[in-house]
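Some notes on the structure that comes next.
FYI, it's all coordinate maths here, none of it is from the lab. Here the structure is a predicted model, which is why all the values come from computation and not from measurement. Glycine gets a Cβ as well: all are built from the backbone with ideal geometry, and neighbour counts include every protein chain shown.
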Amino acid sequence: MRELRTPSNRALLERLWIEEPALRDLLETCTSREEAREHVLSYLEDLDSALRNGAFDLDRIEQTTALTWIGALKDMLSPENEALASFSTIDLLWRAARGDVDDMSEDFVEEFAHIFKAIEGQSGLGRGWLHADDENQDFESLPASGRRAARARSHVLDGMADSFWSKVNAHSSGLSEPAIRSRIASQDRILAYLGGTHRDWACADWQAAHVLKGERGARVLQDLVPLASGELAAVRLAVQYKIPWGITPYYLSLFDFDSSDRTLDGQVRSQVIPPLHTVRAMIEHRADRGRAFDFMRERDTSPIDRITRRYPTVAIFKVCDTCPQVCAYCQRNWEIADAMELDHIPSRADLEPALRWFEAHRGVIDVLLTGGDPLLLKDDLLGYLVERFSEMEHIRHVRIGTRIPVVMPMRVTGALAEVLGSAIVPGRRAVSVVTHVESAYEITPDLAAAIDRLRRRGIGVYNQQVFTLETSRRFQITATRIALKQAGIDPYYTFYTKGKDEHRDYLVPIARMLQERKEEARLLPGIFRTDEPVFNVPGLGKTHLRAQQDRELIGIRADGRRVYLFHPWEKGIRPVAPWPYVDVSIYDYLRRIESLGENPEDYESIWYYL
């Protein structure tokens, strides 16, 4: 891939048509948009037919890729899809062929330059990108059969494994000896600053009482950890306008106390130090957070207070609206009061209407306790909830959605595990904990010990990975999956980050998520990659990204952003209208990932995932 820079209009035009000069010549002769559409569709039909009749000497992967993108381009040029996307792709191409690029970005040009490469059989997907150090090692040159062939194949796989591990090991694990030693030293520094003891450190109540928030928390953060200028400005602005943020002392110990460059702790910092854009958006909408930030339209799927229901057999029970710390990209940032707001932890009476609702709705078999963080409730109140659900014969599964094992693992005591496990009846009801581990660097011996306490009581533990800019680096999530399994956690979902404007600094293209599944996760054993990639459609729910029939690429805007039409999860079950989504620009993503120290060439195949 070439150096990422801003070219002239002339260079843009040259780049756009370098793979398809014949298509440019064809478009130049057209006198109207509709004539251009007709000629391009005819051109693509001829190319499709030639490919299917073996007119080109292509390997099967290149041929399939070419046919896929011919079909995708034809779909984008249909009048119906242009109406759904609210712009005309053919108009952009027609004007570009005539030299009009005033409103056209380099991002758009890069998209179509790669589409044209694909339809000409030049994507490079057939060659792959992960190779052993010895480039002469490939499967095609191996003996055909027998023990000699098996040994030669194993030798090639050794080379691939060496390359795989060199990339995985570039992402530090919190279970490594250097990380453990560093964090012990950081704990000592935090305790000295806060006037605590090691006994205090192991106490969840002490951790909760010393959560960094507000002006005092900002001062502690600034005194203990080197901060980049943007980080400091964001925290100060959040404090000034009372925007929720918070960090537990334990989670603070996962920071790099020696540098602000985010080389080691980028994933950790990005969880709790909000970008300036996020803070400014929260300030702008302080008075109407529920309207502005409710991306999933929970207000439209909430039959009574504390209950959200999008599916026939599962419902969400939001037991509180506070957390020990605030995730900067939280889906429910419109509901979260602040970190450790004790006034927002409910009483039994507060929860009674929702419990009666579950008693009355016998079609629901799975309840998800969430919030906020439900493990902020005291053991006796959690025990009461578990007891009530145990009395409901139709409830087959109780889920607890919590990030406490990651941010305050000392809260997960043997006593808590006993309380949660008391609802388990083998053959009748199970209990699971679902958490959000974002990186291998968050997985520590303390977290692993907390998970062990839960599993010993028969509680399954699963992880929902949020796919953000920081976690989208090559092999970042692969390293996380390995560390999760070491800690006894099963991967469950990989979530595309909610496409909310205030979260734009976290968003990545859908294509990167698909690329990660095929080119990185696939190198792991199946039991390490049990997570499903999903996209949450507002007001409807999860749509699986792995299934291409659940979405359509219907256009590419002048700014290079793909427009998808998502089919709802109910497809094939009941009639529900699809939902359009404008994705993140791939070229912009590559610029941002480069700013984090990544090489965009390592991501080149991203263009061909749709």
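With axes computed from alpha carbons, what is the tilt in degrees of helix 214-224 against the longest principal axis of the chain, rounded to the nearest 10 within 0 to 90?
80 degrees
Enumerate by residue number the trypsin sites (Lys or Arg not before Pro) in the range 61-123 meeting two conditions: DSSP loop (anything except H, G, I, E, B), and at most 16 other Cβ atoms within 10 Å of the site's Cβ.
Passing both the DSSP loop test and the Cβ count: R98.
Give the residue list of GluC sites (Glu not before Pro) in the range 361-432 that are DSSP loop and have at most 13 other beta-carbon atoms within 10 angstrom.
E391, E393
Report relative contact order for the range 292-371 in percent, whole number only (criteria: Cα-Cα under 8 Å, sequence separation at least 6).
38 percent
I need the calculated FRET efficiency for the pair E284 and S259, taking r as the beta carbon distance and R₀ as 35 Å, to the nearest 0.05.
With a Förster radius of 35 Å, E is 0.60.
Summing -39500 (n - 2.57) over the DSSP H runs of n ≥ 4 in the chain and dividing by its residue number, what mean residue ellipticity at 222 nm do you reach, to the nearest 500 deg cm²/dmol?
-13000 deg cm²/dmol
Go through the range 463-471 residue by residue and turn each phi into a ³J(HN,Hα) via Karplus (6.51, -1.76, 1.60, θ = phi - 60°); whole Hz please, and just put x for glycine and proline.
10, 10, 8, 8, 8, 10, 3, 5, 8
Taking the convex hull of the alpha carbon atoms in the range 9-127, what volume per residue do you get, in Å³?
105 Å³
Can you tell me which of 297-305, 407-415 comes out highest on packing, and rank the rest after it, using the mean Cβ neighbours within 10 Å? All intermediate terms of the calculation are to be shown ahead of the outcome.
Details: 297-305: 13.6, 407-415: 20.1.
Result, highest mean Cβ count within 10 Å first: 407-415, 297-305.
Please list the non-local residues whose amide H lies under 5 Å from the amide H of G246, H modeled 1.01 Å from N, same-chain partners needing a gap of 5 or more.
Residues meeting the criterion, in which the H sits 1.01 Å from N, are V326.
Whole Å is fine, so just give me how far the alpha carbon centre of the range 245-285 lies from that of the range 163-229.
Taking the Cα centre of each part, the range 245-285 and the range 163-229 sit 12 Å apart.
Give the shape of the range 177-282 as rounded, prolate or oblate, defined through the alpha-carbon gyration tensor: a ≥ b ≥ c are the square roots of its eigenvalues, a/c under 1.5 means rounded, and otherwise the shape is prolate if a/b is larger than b/c and oblate if not.
oblate
Determine the relative contact order of the range 9-127: mean sequence separation of Cα pairs under 8 Å and six or more apart, normalised by residue count, in whole percent.
44 percent
Measuring from centroid to centroid over Cα atoms, what is the spacing of the range 474-549 and the range 81-102 in Å?
Cα centroid of the range 474-549 versus Cα centroid of the range 81-102: 32 Å apart.
From zero up to wherever the largest Cα-Cα distance of the chain sits, split into 10 Å bins and tell me the percent of pairs in each.
Pairs per bin, as whole percents: 3, 15, 24, 24, 18, 11, 4, 0.
Taking amide hydrogens as modeled 1.01 Å from N in the peptide plane, which residues meet the under 5 Å criterion relative to N463, leaving out close sequence neighbours?
T435, D490, Y492, Y493
Please enumerate, by chain and number, the lysines with C-alpha under 22 Å from the C-alpha of K318, excluding those fewer than 8 residues away in the same chain.
Excluding near neighbours in sequence, the set is K378, K498, K500, K542.
Have a look at the DSSP beta bridges in the chain and tell me what percent are antiparallel, nearest 5.
40 percent
Highest first, please rank the peptides 189-201, 504-516, 276-288 by the mean number of other Cβ atoms sitting within 10 Å of their residues.
Averaged packing, sorted descending, gives the order 504-516, 276-288, 189-201.
Over the alpha-carbon set of the range 214-357, work out the extent along each principal axis and list the three values in angstrom, largest first.
Principal extents (largest minus smallest coordinate, Cα): 52, 29, 27 Å.
What number, in percent, do you get for the relative contact order of the chain if the mean sequence gap of Cα pairs under 8 Å and at least 6 apart is divided by its residue count?
Reported as a whole number, the value is 14 percent.
Helix 379-390 against the longest principal axis of the chain: what's the angle in degrees, Cα atoms only, rounded to the nearest 10?
70 degrees
Do any chymotrypsin sites (Phe, Trp or Tyr not before Pro) in the range 205-305 lie in a loop, going by DSSP, with at most 13 other beta-carbon atoms within 10 Å of their beta carbon, and if so which?
Y241
Which of the peptides 590-597, 432-439 is most tightly packed, and how do the rest follow, going by the mean number of other Cβ atoms within 10 Å of each residue?
Going from most to least packed, we get 432-439, 590-597.
Name the residues whose placed amide hydrogens come within less than 5 Å of the amide hydrogen of R551, ignoring near sequence neighbours (fewer than 5 apart) on the same chain.
H567
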